[in-house]
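Colleague: Starting off with a structure, shown below.
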Amino acid sequence: MIELRPGDDADKPQILARTAEVFGAGPAQRMETLWDWQWHHDPRLPSPGYRGVVAEWRGRVIGHLATIPAGLHIGGEPVRAWWFVDVLVHWGLVREAMREQRRAGAPSRPDLSRGLAAALFDHPIAGPIQLGKHVSDQMSTIGRRIGFVPCADTGGAQRRISVRHPVGRVLGARLGDLAGAVIDPLLGPNPRSGLSVRIHDGPFDGRFDALWASVRGAFPAICRRDAALLDWRYRDCPDLDARVLILEQGGALRGYCVIRAFDRPGRPPRRLGKILDLLTAPGDRIAQRALLGGAIDALRRLRTERVECFYSGADLWHLLAEFGFAPKTTNSGRVRPLLTRHLPEAAKGIYITQGDGDGG
């Protein structure tokens with residue numbers, strides 16, 4: 001019989017093995033690298049240790065749904081909610097288990113009539129409120145069938161910002177920089193605010209706590225962003241090199257933006273960038289414009305070819321469009337909105353950025 005149960009750290013070897021079998025050695029190695037950081041140091045965890053739902057058959061893990069606390073606040077108050085960050089179904093083992101179960105003529109417990117993935121999401125410890133983003137087309141289809149709904153005015157956005165890296169790869173860094181100085185300003189609009197943005201080095205400090213305290217009740221819904229959470233997410237992650245831009249006013253923070261630049265292997269190799277987080281008071285377009293402009297300037301200095309981000313809200317989308325961003329879609333041409341399940345009506349207008357959830 002297939003059993004669904006809460007997972008724990010004892011399941012780690014099998015979860016890593018199934019991940020390698022389904023997705024390859026690279027994703028499994030990354031999961032192992034991030035395991036302690038993700039499951040033992042996240043300040044939102046009720047207690048340290050892997051948290052998720054495991055499907056087991058004959059002592060073998062054949063699927064799992066990994067969830068992390070969302071730190072979701074609705075109307076400024078914390079509520080229980082979870083991001084789903086890893087969903088795996090080993091179809092070969094699942095088919096074998098299902099054939100055995102049908103031969104035995106035993107009733108299906110748990111109910112697998114809608115598939116194993118649906119049963120994982122339906123497990124009590126995976127709820128009540130579930131959030132997901134950057135969801136594959138296949139998993140999006142499953143999710144919508146079991147009650148996930150897309151949030152309006154959410155999704156990925158991207159734009160090209162520099163030719164320095166591709167030109168420099170062929171002609172050398174100096175000529176790449178010269179070409180960038182001429183061509184980069186022509187690649188898209190670059191609105192200016194007139195405000196000064198600077199790099200913040202070192203830990204996130206009390207000013208970030210103060211900003212979080214001042215804005216968390218101003219959004220209909222938003223995920224936790226205090227200094228402890230930001231340190232864990234952006235400074236302590238083993239494979240993330242992030243930079244923080246801040247906008248100050250009268251000794252306090254008016255807003256901040258977190259960016260990263262990274263090399264993606266391939267033919268040709270690419271130098272890409274992400275805007276991971278952006279926080280100001282809602283509706284502070286001047287501050288948002290200053291931070292976005294500062295982020296693009298900083299990513300150009302890091303020789304980034306393209307930049308992408310996740311947005312939520314029509315206002316932020318319109319601002320990104322002013323900067324020349326276009327929707328980011330899958331290979332099949334679909335957008336990837338935020339998917340939610342059992343999200344209360346009071347959370348309509350939830351604010352989500354790239355760094356929320358799995359941070360991808």
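Colleague: Whenever you get a sec, line up ARG102, ARG51 from highest to lowest accessible area (probe 1.4 Å, protein heavy atoms). Intermediate values should be presented prior to the final figure.
Modeller: Working: ARG102 155, ARG51 40 Å².
Output order, biggest surface exposure first: ARG102, ARG51.
Colleague: Calculate the dipole size of segment 1-66 relative to its Cα centre from +1 charges on Lys and Arg beta carbons and -1 charges on Asp and Glu beta carbons; express the result in debye to the nearest 20. Write down the numbers at each step before the final one.
Modeller: Values: 8 positive and 9 negative charges, 26 e Å.
Once rounded to the nearest 20, the dipole reads 120 debye.
Colleague: Just how large is the dipole of the chain about the Cα centre, in debye to the nearest 20, putting +1 at every Lys and Arg Cβ and -1 at every Asp and Glu Cβ? Display every interim value, and only then the final one.
Modeller: Numbers: 50 positive and 39 negative charges, 228 e Å.
Taking the Cα centre of the chain as origin, the dipole is about 1100 debye.
Colleague: Before I look further, what does the chain give for accessible area per residue, probe 1.4 Å, in whole square angstrom?
Modeller: I get 45 Å² per residue for this part.
Colleague: Treat each spin label as a single point 7 Å out from the Cα along the C-beta direction, and report the ALA326 to GLU345 distance in nm.
Modeller: 3.9
Colleague: In nm, what is the difference between 0.36 nm times the number of residues separating ARG109 and ASP263 and their Cα-Cα distance?
Modeller: Length gained, ARG109 through ASP263: 50.8 nm.
Colleague: Kindly flag which residue pairs out of LYS12/LYS328; LYS133/LYS348; LYS274/LYS348 have an alpha-carbon separation exceeding 24 Å in this structure. Write down the numbers at each step before the final one.
Modeller: Details: LYS12/LYS328 34 Å; LYS133/LYS348 16 Å; LYS274/LYS348 26 Å.
Cα-Cα > 24 Å for LYS12/LYS328; LYS274/LYS348; rest within.
Colleague: Next question, about the same structure. From Cα pairs below 8 angstrom and at least 6 apart in sequence, can you work out the relative contact order of the chain, rounded to a whole percent? Don't jump to the answer; show the numbers that get you there.
Modeller: On the way: 691 pairs, mean separation 76.7, N = 360.
It rounds to 21 percent for the chain.
Colleague: Continuing with this model, one more query. Quick one: length gained pulling GLU3 to ARG102 fully straight, 0.36 nm per residue minus the C-alpha distance?
Modeller: On the way: separation 99, 0.36 × 99 = 35.64 nm, distance 1.50 nm.
Contour length minus Cα-Cα distance gives 34.1 nm.
Colleague: Also, quick follow-up: Take the alpha carbon atoms of segment 147-199, find their radius of gyration, then divide it by 2.2 N^0.38 Å using N residues; give the quotient.
Modeller: Details: Rg = 17.2 Å, N = 53, 2.2 N^0.38 = 9.9 Å.
Cα-based Rg divided by the globular estimate yields 1.72.
Colleague: Could you order peptides 152-162, 71-81, 193-203 by the average number of other Cβ atoms within 10 Å of their residues, highest first? Intermediate results must be reported in sequence, preceding the final value.
Modeller: Working: 152-162: 19.6, 71-81: 17.2, 193-203: 12.7.
Result, highest mean first: 152-162, 71-81, 193-203.
Colleague: Could you let me know the centre-to-centre spacing of segment 56-124 and segment 1-40, using Cα atoms, in angstrom?
Modeller: Their Cα centres are 14 Å away from one another.
Colleague: Among PRO238, PRO128, PRO269, determine the one that fluctuates most according to a GNM of the chain built with springs between C-alpha atoms less than 10 Å apart.
Modeller: PRO269
Colleague: Further question: Whole Å is fine, so just give me how far the alpha carbon centre of segment 330-357 lies from that of segment 242-312.
Modeller: 20
Colleague: If you don't mind, there's one more thing I want to ask. Could you compute the FRET efficiency for LEU186 and THR33, with r as their C-beta to C-beta distance and R0 at 56 Å, rounded to 0.05?
Modeller: Numbers: r = 40 Å, r/R0 = 0.71.
Result of the calculation: an efficiency of 0.90.
Colleague: Could I ask something else about it? Helix 25-40 versus the longest principal axis of the chain: what angle, 0 to 90°, nearest 10, using Cα atoms?
Modeller: Long axis of 25-40 versus the principal axis of the chain: about 90 degrees.
Colleague: Would you calculate a helix-derived [θ] at 222 nm for the chain, using -39,500 (n - 2.57) for each DSSP H run of n ≥ 4 and dividing by the full residue count, to the nearest 500?
Modeller: When only DSSP H runs of four or more count, the value is -9500 deg cm²/dmol.
Colleague: If you average 1/r across every pair of different Cα atoms in segment 305-359 and take the reciprocal, what Kirkwood value do you get, in Å? Provide the component values of the computation, followed by the final result.
Modeller: Details: mean 1/r = 0.0774 Å⁻¹.
Radius from the Kirkwood sum: 12.9 Å.
Colleague: Additional query: Taking only the C-alpha atoms, wrap a convex hull around segment 202-360 and report its volume per residue in Å³ as a whole number. Display every interim value, and only then the final one.
Modeller: Values: hull volume 21.5 nm³, N = 159.
It comes to 135 Å³ per residue, whole-number rounded.
Colleague: Now for a different question. Could you go through segment 196-203 in sequence order and give the Karplus-derived ³J(HN,Hα) for each residue, using 6.51 cos²θ - 1.76 cosθ + 1.60 with θ = phi - 60°, rounded to whole Hz, and x for Gly and Pro?
Modeller: 9, 10, 9, 6, 10, 9, x, x
Colleague: Here is a follow-up. Work out, in µm²/s and without decimals, the Stokes-Einstein translational diffusion coefficient of segment 216-299 at 4 °C, 1.567 mPa s, Rh from Kirkwood over C-alpha pairs.
Modeller: Values: Rh = 14.2 Å.
Value of D from the Cα-based Kirkwood radius: 91 µm²/s.
Colleague: So, one more: Averaged across orientations, what area in nm² does the convex hull of the alpha carbons in the chain project? Show your work: numbers first, answer last.
Modeller: Working: hull surface 75.5 nm².
Convex hull of Cα atoms, orientation-averaged projection: 18.9 nm².
The values are calculated or read from the model by the stated rules, or taken from the named source; none is laboratory data. Quantities reported herein were computed from a predicted structural model and do not represent experimental measurements. Cβ atoms come from the backbone with ideal geometry, glycine included; neighbour counts cover every protein chain shown. Calculation scope for accessible area: heavy atoms of the full protein, side chains included, ligands and nucleic acids excluded. Shrake-Rupley method; radii C 1.70, N 1.55, O 1.52, S 1.80 Å.
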